[in-house]
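S.K.: Take this structure, written in structure tokens, and hold onto it; I'll ask about it next.
Bear in mind that the values in this text are calculations on the coordinates, not laboratory data. This is a predicted model, so every value here is computed, not measured. As a convention, Cβ positions derive from the backbone with ideal geometry for all residues, glycine included, and neighbour counts pool all protein chains shown.
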Amino acid sequence: MENLEQLEKFIQERNFSDPIFADVFKFIKTKYPDETERRISIRAMIEIWRRKYPNEMDKFESDMKRRHELKKDKFSSTGDNADIRVLFTIPESLHTRINMVVKDPPFLSGEAEKQFNESEWFFDEFPAFRTAEVY
């Protein structure tokens, strides 16, 4: 685990002016000390988004509940073609914010998948965004 001095340096380097950002990053870096900076940034942006936009999160959760009620099977197959699946859904505003901190390659892009196995990790770590029950 990183010490407090290293956490403070991390926060100063990123020039966080909003105290929520600093608090969330401290919490995430302490809770997940062995994760990459990319994954820490993704986790932190999700938590920040939840705190700063609770109404948007509530609407998203309500929409996801309806989507789960309407899905055809545990794989979230769409239509008659079972080869097409939607594994998760992310609000555009959250996706944009995550891309602001992870930069290159973009979050959940083909390149991110090749380099970081990002979609499986995201599916496992953030069930609130899953549309399917199985990966």
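S.K.: Using Cβ counts within 10 Å as a stand-in for footprinting exposure, how do Thr131, Thr30 rank, fewest first?
M.R.: Taking fewest neighbouring Cβ atoms as first place, the list is Thr30, Thr131.
S.K.: Along the stretch 48-57, what does the Karplus equation 6.51 cos²θ - 1.76 cosθ + 1.60 (θ = phi - 60°) give for ³J(HN,Hα), rounded to whole Hz, x for Gly and Pro?
M.R.: Using θ = phi - 60°, the values come out as 4, 4, 4, 6, 7, 10, x, 5, 5, 5 Hz.
S.K.: Rounded to whole Hz and in sequence order, give me ³J(HN,Hα) for the stretch 32-37 from the Karplus expression 6.51 cos²θ - 1.76 cosθ + 1.60, θ = phi - 60°, writing x for Gly and Pro.
M.R.: 10, x, 9, 7, 5, 4
S.K.: Which order do the peptides 39-46, 52-59 come out in when sorted by mean C-beta neighbours inside 10 angstrom, highest first?
M.R.: Packing order, densest peptide first, comes out as 39-46, 52-59.
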